[in-house]
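Here the structure comes first, spelled out in structure tokens, and everything after it is commentary.
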Amino acid sequence: MRALILCGGRGVRSWPATAEVPKPMLRVGDRPALHHVMTIYARHGITEFVLAAGYKHEVIASSLDSLPADWTVDLIDTGDEADTGDRVRSCLGELGERFYVTYGDGLGDVDITALTRRHEDHGGGATVTAVPLPSQFGTLIVDGTDQVKDFREKPVLSDHIINAGFFVFERDAIARCEGSSLERDILPALVASGELFVYRHEGFWKSMDTYKDVIELDHLARGERPPWLPT
């Protein structure tokens, strides 16, 4: 199985940091975020990668020489404006009947081996890693008179789970779906056909959505051990 990493978007929410480099190439610690994502897979023996690039793809290409020599990496320019589903389809020729897909800007200590077992066990066409929703805001706990009883600063909302990337797909499941967007078209189509299942991840996960997230991940990377790498 190969891992397809989506790394072709413009990263507009991280502007102006992404004016010169694509978002997955923003540095987290001593290397680009994309290289951290690849290392998550490599720790589970997955060292064959396809990079679905686009915006400033040449910057990604110039970084490949710094990766371990025993990794296999194919970079495909899928276009600056392509949506996520179209990027996946553009790379199908480099992938097998079953493959991994994730984003180039989300880091977590996801157990790729357990994710794979979960996919094999349910027999459906796709598996998405899900994590509890981290709130961006503090929440208020109030009683029947609207008196505040507790204030929780940015809690994890365990009753709500969200898409954290780190997918497993069957090729024929993707082929049966139409639409340009992985999130707005393909995943809902898989839901409608009863083929999408969840792998629940309870450990560390953080999306590099804004430049503030980049700063936070960079701080974590400079600690004793980044929390997205297994112990």
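We did not get these values from a lab; they are worked out from the coordinates using the rules stated. For clarity, every value in this text was computed on a predicted model and none was experimentally measured. No Cβ is skipped: glycine too gets one built from the backbone with ideal geometry, and neighbour counts run over all protein chains shown.
How many angstrom lie between the Cα centre of the range 30-84 and the Cα centre of the range 131-156?
Result: 39 Å between the Cα centres.
Per the Kirkwood formula on distinct C-alpha pairs, the Rh of the range 141-197 is how many angstrom?
14.7 Å
How large is the dipole of the range 18-140 about the Cα centre if only Lys and Arg carry +1 and Asp and Glu carry -1, each at its Cβ, rounded to the nearest 20 debye?
Using Cβ point charges on Lys, Arg, Asp and Glu, the range 18-140 gives about 380 debye.
Over the Cα atoms of the range 103-152, compute the convex hull volume and normalise it per residue, giving Å³. Before the final figure, lay out each step's value.
Values: hull volume 7.9 nm³, N = 50.
It is 157 Å³ per residue.
Two decimals is fine: what's Rg over Rh for the chain, C-alpha atoms, Kirkwood radius as Rh?
Working: Rg = 18.3 Å, Rh = 18.5 Å.
Ratio of gyration radius to Kirkwood radius: 0.99.
For the range 101-222, what is the charge dipole size about the Cα centre, in debye to the nearest 20, if Lys and Arg each add +1 at the Cβ and Asp and Glu each add -1 at the Cβ?
Its charge dipole is roughly 100 debye.
With the contact rule set at Cα under 8 Å and sequence spacing of 6 or more, what percent relative contact order holds for the chain?
RCO, the chain: 25 percent.
So how do Ser62, Ser90 line up by other beta-carbon neighbours within 10 Å, fewest first?
Ser62, Ser90
What is the magnitude of the charge dipole of the range 118-164 about its Cα centre, with +1 placed on the Cβ of each Lys and Arg, -1 on the Cβ of each Asp and Glu, and no other charges, expressed in debye to the nearest 20? Kindly include the intermediate steps, with their values, before the conclusion.
Values: 4 positive and 7 negative charges, 26 e Å.
The dipole of the range 118-164 has a size of about 120 debye.
Can you give the calculated 222 nm mean residue ellipticity of the chain, where each DSSP H run of n ≥ 4 adds -39,500 (n - 2.57) and the sum is split over every residue, rounded to the nearest 500 deg cm²/dmol?
So the helix-based figure for the chain works out to -6500 deg cm²/dmol.
At a 10 Å Cβ-Cβ cut-off, how would you order Asp172, Asp218, fewest neighbours first?
Neighbour counts put them in this order, fewest first: Asp172, Asp218.
Putting +1 on Lys and Arg Cβ atoms and -1 on Asp and Glu Cβ atoms, find which of Val128, Gly93, Ala82 reaches farthest to the positive end of the dipole of the range 76-149.
Val128
With unit charges on the beta carbon (Lys/Arg positive, Asp/Glu negative), name the residue among Leu67, Leu140, Val50 whose Cα is farthest towards the positive pole of the charge dipole of the range 33-170.
Leu140
Mind sorting Met208, Met25 by how few other Cβ atoms lie within 10 Å of their own Cβ, fewest first? Don't skip to the answer; put the middle values down first.
Numbers: Met208 27, Met25 23.
Starting with the residue having the fewest Cβ neighbours, the order is Met25, Met208.
Only bridges with both residues in the chain count here: give the DSSP antiparallel percent, nearest 5.
Values: 20 of 40 bridges.
Around 50 percent antiparallel, to the nearest 5.
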